[in-house]
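The values are calculated or read from the model by the stated rules, or taken from the named source; none is laboratory data. Source: prediction; values computed, not measured. Methodologically, a virtual Cβ is constructed for each residue, glycine included, from the backbone with ideal geometry; neighbour enumeration extends over all protein chains shown. Ligands, DNA and RNA are stripped out before the accessible areas are found, and what is left, the full protein with its side chains, is counted by its heavy atoms. Shrake-Rupley method; radii C 1.70, N 1.55, O 1.52, S 1.80 Å.
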Amino acid sequence: VALLCGPIAPAFAQVAGSSGHLLEQEEPSGISPRYLLMNPQGRAVTNEDFRGRFQLVTFGFVSCPDVCPTTLLQFKNILEALGDKAARLQPIFVTVDPERDTGAILLEYTAAFDPRILGLTGSPELVRRAAENFRFKYEKVREPGAASTVYTMNHTAGMVLLDAQGGFVARFAYEMPAVEIAERIRLAMTAGGTR
């Protein structure tokens, strides 16, 4: 299914990738890395739950055909590249399709890449708020005349790194090599999470 790009505010300049996903041109400003979501077991999770560990956060959806599985494979490769330092990193995949991506579905999906990846969901309102805080855009895309349950999601690609205090460190583009991201994370950990 071809994805379509909707209009994007000039303050959040993006370009469409070959699949229609939104790719960053430059680091966005105004990231407020806060969220209140649910883990696959239905327990509330916030950004405060990972104090003392770095967080690597992305947004996507389980039925995404290309960008999301590629990103989760990057998560796996980043964890492997970090070696023993991987214990200090929590990779987080937030669904932008909470209507279909239940906790059980998210758990099975993320575990297929690496059991250390945490899938989070929530009400549409809480997911929207989290995405806005991280400056990720998404929208439901439905072909004309399609049933309400037949749709895909257009969304921003990339990852956001938070330090051990929950502060913003960096935003990594979708196509950045995993080994390079891992090296940036390792340097941030050595520096105590400062930019």
Filter region 158-191 down to the residues that are touching a strand residue (DSSP E or B) at 6+ places or on another chain (Cβ under 9 Å), charged (D, E, K, R) and touching a residue at least 60 places away in the same chain (Cβ under 8 Å), then identify the one that is farthest from ASP66 (Cα to Cα). ASP163
Return the residues of region 107-127 that are part of a loop (DSSP other than H, G, I, E, B) and open to solvent by 40 Å² or more (accessible area, probe 1.4 Å); say none if nothing qualifies. ALA112, PHE113, PRO115, ARG116, SER123
Checked region 61-87 for anything farther than 15 Å from ASP114 by Cβ, open to solvent by less than 50 Å² (accessible area, probe 1.4 Å) and of a type outside the set (A, V, I, L, M); matches are PHE61, CYS64
Regarding region 69-90, can at least one residue be identified that is within 12 Å of the chain's Cα centre (by Cα), at pLDDT 95 or above and part of a loop (DSSP other than H, G, I, E, B)? no
Looking only at region 91-106, filter to residues that are open to solvent by 20 Å² or more (accessible area, probe 1.4 Å) and in a helix (DSSP H, G or I); which one of those is nearest to MET153 (Cα to Cα)? ILE105
Which strands (runs of 3 or more DSSP E) sit wholly inside region 128-190 and have at least 3 residues that are within 24 Å of ALA86 (Cα to Cα) and open to solvent by less than 50 Å² (accessible area, probe 1.4 Å)? 159-162, 168-172
Considering only region 47-58, I want to know if a residue exists there that is modelled with pLDDT of 95 or more, in contact with a Phe, Trp or Tyr (Cβ under 9 Å, 6 or more places away or on another chain) and under 20 Å from LYS140 (Cα atoms). yes
Limited to region 46-67, what total is found for residues that are part of a helix (DSSP H, G or I) and free of Cβ contacts under 8 Å to residues at least 24 places away in the same chain? 1
